[in-house]
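Reading through the structure tokens given below for one structure.
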Amino acid sequence: MTRSNSAIERANHWYQQPIAWLGIAITVAIFVGCVWTIVVSSRYTDVPTHGDTPTLLGMPLGHTSSAEPAEQP
């Protein structure tokens, strides 16, 4: 039996294609992940750097290290 043209047209709709649903699912997952990252990061305070270190957009321009170098034997 052959399928009629209307049946073929109905089978070719975008919502009946699994790759379209996969693309939608991945897009939604990426969006939810971005929102989740923003929500989680907003719960933590930003620890200020030393006042004498120059910054650009809140990021220190130089290297600041609070760890002391290891002693050589």
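The values are calculated or read from the model by the stated rules, or taken from the named source; none is laboratory data. Note that the structure is predicted; figures quoted are calculated from it, not measured. Here the Cβ is made from the backbone with ideal geometry for all residues, glycine too, and neighbour counts use every protein chain on show.
Among all residue pairs at least 6 apart or on different chains, which show Cβ distances below 9 Å where the first residue, located in region 1-30, is among the aromatic types (Phe, Trp, Tyr) and the second is in a helix (DSSP H, G or I) and at pLDDT 85 or above? Matching pairs, first to second residue: TRP14/ALA20; TYR15/TRP21.
Here region 2-47 is the region considered, the condition is being surrounded by 10 or more Cβ atoms within 10 Å (Cβ to Cβ) and in a loop (DSSP other than H, G, I, E, B), and the residue that is modelled with the highest pLDDT is GLN17.
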